[in-house]
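The values are calculated or read from the model by the stated rules, or taken from the named source; none is laboratory data. Remember, it's a predicted structure, so these values are computed and weren't measured experimentally. Positions of Cβ are generated from backbone atoms using ideal geometry, with glycine treated the same way; all protein chains shown enter the neighbour counts. These accessible areas exclude ligands, DNA and RNA; they are computed on the full protein's heavy atoms, side chains included. Shrake-Rupley method; radii C 1.70, N 1.55, O 1.52, S 1.80 Å.
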Amino acid sequence: MAGLSLKCGDCGTLLRSVEEAQEHAELTKHSNFSESTEAVLNLVCSSCGKPCRSKTESDLHTKRTGHSEFVDKTSEASKPISLEVQKAQQMDADMEEVGGASNQPEEMVVPEVDKKLLEELEGMGFPTARATRALHYSGNVSLEAAVNWVVEHENDADIDEMPKVPIGTKNEELKPSLTPEEMKIKAQELRERARKKKEEEEKRMEREREKERIRVGKELLEAKRIEEENERKRLLALRKAEKEEEQRAREKIRQKLEEDKAERRRKLGLPPEDPAAAKPSAPVAEEKKSSLPVRPATKAEQMRECLRSLKQNHKDDEAKVKTAFNTLLTYAKNVATNPNEEKFRKIRLSNATFQARVGSLSGGIGFLELCGFEKIEGGEFLFLPREKVDMAVLKSAGTELNNAINNPFFGVL
């Protein structure tokens, strides 16, 4: 199958003809070319008709002009490449080598360009080499053509190299340049066009930043809403637990009152109160309740009742009650953390600090006894034997003390 292109073995560039390969070799000094069955890409801009030979070139054209639609005409432009020219040129070169080995290479010089246009481009800030190259390759037509050439070839590797042509090459007759007034007008138009393009780009970037700010704002609002919802649920759960605690406290107090009332009637020699006479409106419910078995209080319930009694008995001195709770929590925590240390399991009852914080309060010593402490040596010490250290009991004590300290409604009713 005939080749559709020539491929540079040094850089991989695809070329349509032998002439293009020769130009490529002159510019890049590459000399390794071979036939390839891969067609040269031909993407034609739908807006301005500019052909692009690679995806990179089409992307660069889109970036410069904003044109984004291209028509792929690769199949239409692809045809088998002919090497006849290359063979003929090779023969000519061979003849030249045979007949004129002493010929010297042609001398290269800088091409002539319009001096006024060159000065105008230099005044706009372009380097002399780039301005000369732009004027030479744009045909010395106008300032705008030279600027457009610079914009389209700003990524070329040799953009800032001074162009060279053979010394014998005749320059085309330079077209008359613009008058100074026309050059000023044209320069003003170019500056205005560049300013508008910059403003449009800034507006586009501002719109993108505004969209990003809106997106971030929505995410922050959503995160705040979720956090508030979780906080609301937590407060509802806390209030529900507090209400249940209050309900249990009321029930305990009611049972205590009933027991005290029954005890006073017994001491006075009065017969027990008839539940049916006390509550004639609900005899069935009372009969059902009296038939339920009485569950003995657990250790945790006994501790809770002890702490509640302590707070009730000293409700006028809240600071003293809180100090007692914290001191009891420290005792329980020290024993649980260091069960083998006897100094944490033995308390002198006559100690002034202990008496001020716990011993003088009704229920303080009782709570320690519920934790397993026992009075020894004629009641001089409270002592918790190592074999009687119960981690479950100490954990329950810590839980009840933390609840009594942190629950503002504990022991209120």
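Tabulated data
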{"quantity": "Number of the condition not met by S34 [criteria: (1) small (G, A, S); (2) assigned to a helix (DSSP H, G or I); (3) out of contact with any helix residue (DSSP H, G or I) (no Cβ under 9 Å at 6 or more places or on another chain)]", "calculated": "(2)"}
{"quantity": "Tally, over segment 354-374, of residues that are closer than 19 Å to K299 by Cβ and open to solvent by 40 Å² or more (accessible area, probe 1.4 Å)", "calculated": "2"}
{"quantity": "Residues satisfying the stated conditions in segment 256-294, i.e. modelled with pLDDT of 70 or more, closer than 29 Å to F409 by Cβ and open to solvent by less than 80 Å² (accessible area, probe 1.4 Å)", "calculated": "D260, A262, E263"}
{"quantity": "K203 being assigned to a helix (DSSP H, G or I) and under 43 Å from the mean Cα position of the chain (by Cα)", "calculated": "yes"}
{"quantity": "Filter result (at pLDDT below 85 and either open to solvent by less than 30 Å² (accessible area, probe 1.4 Å) or aliphatic (A, V, I, L, M) (or both)) within segment 122-137", "calculated": "M124"}
{"quantity": "Hits in segment 381-413 - residues which are open to solvent by less than 40 Å² (accessible area, probe 1.4 Å), more than 24 Å from E246 (Cβ to Cβ) and in a helix (DSSP H, G or I)", "calculated": "V393, L394"}
{"quantity": "Test set (1) open to solvent by 80 Å² or more (accessible area, probe 1.4 Å); (2) within 22 Å of N148 (Cα to Cα); (3) modelled with pLDDT of 90 or more - K197 fails condition number", "calculated": "(3)"}
{"quantity": "Residue that is surrounded by the fewest Cβ atoms within 10 Å (Cβ to Cβ) [pool: residues in segment 51-94 that are at pLDDT 80 or above and of a type in the set (K, R)]", "calculated": "K63"}
{"quantity": "Meets criteria (on the phi > 0 side of the Ramachandran plot, open to solvent by less than 40 Å² (accessible area, probe 1.4 Å) and assigned to a loop (DSSP other than H, G, I, E, B)) for G378", "calculated": "no"}
{"quantity": "Residues (touching a residue at least 40 places away in the same chain (Cβ under 8 Å) and in a helix (DSSP H, G or I)) located in segment 116-144", "calculated": "K116, L117, E120, L143, E144"}
{"quantity": "Residues of segment 147-162 satisfying the condition of being touching a residue at least 40 places away in the same chain (Cβ under 8 Å) and not hydrophobic (A, V, I, L, M, F, W, C)", "calculated": "E152, N155, D158"}
{"quantity": "Check on L361, out of contact with any Asp or Glu (no Cβ under 7 Å at 6 or more places or on another chain), of a type in the set (A, V, I, L, M, F, W, C) and not in a loop (DSSP other than H, G, I, E, B)", "calculated": "no"}
{"quantity": "Of all residues in segment 160-189 being among the aliphatic types (A, V, I, L, M) and in contact with a helix residue (DSSP H, G or I) (Cβ under 6 Å, 6 or more places away or on another chain), the one that is modelled with the highest pLDDT", "calculated": "M162"}
{"quantity": "Unmet requirement for L361, which otherwise passes all of (1) under 55 Å from the mean Cα position of the chain (by Cα); (2) in contact (Cβ under 8 Å) with a residue 40 or more places away in the chain", "calculated": "(1)"}
{"quantity": "Residues within segment 145-156 that are assigned to a helix (DSSP H, G or I) and either farther than 18 Å from R64 by Cα or open to solvent by 60 Å² or more (accessible area, probe 1.4 Å) (or both), tallied", "calculated": "3"}
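Matching residues to (1) open to solvent by 90 Å² or more (accessible area, probe 1.4 Å); (2) touching a residue at least 12 places away in the same chain (Cβ under 8 Å); (3) under 30 Å from E400 (Cα atoms):
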| position | (1), (2), (3) |
| --- | --- |
| K186 | no, yes, no |
| R215 | yes, no, no |
| K224 | yes, no, no |
| E231 | no, no, yes |
| L236 | no, no, yes |
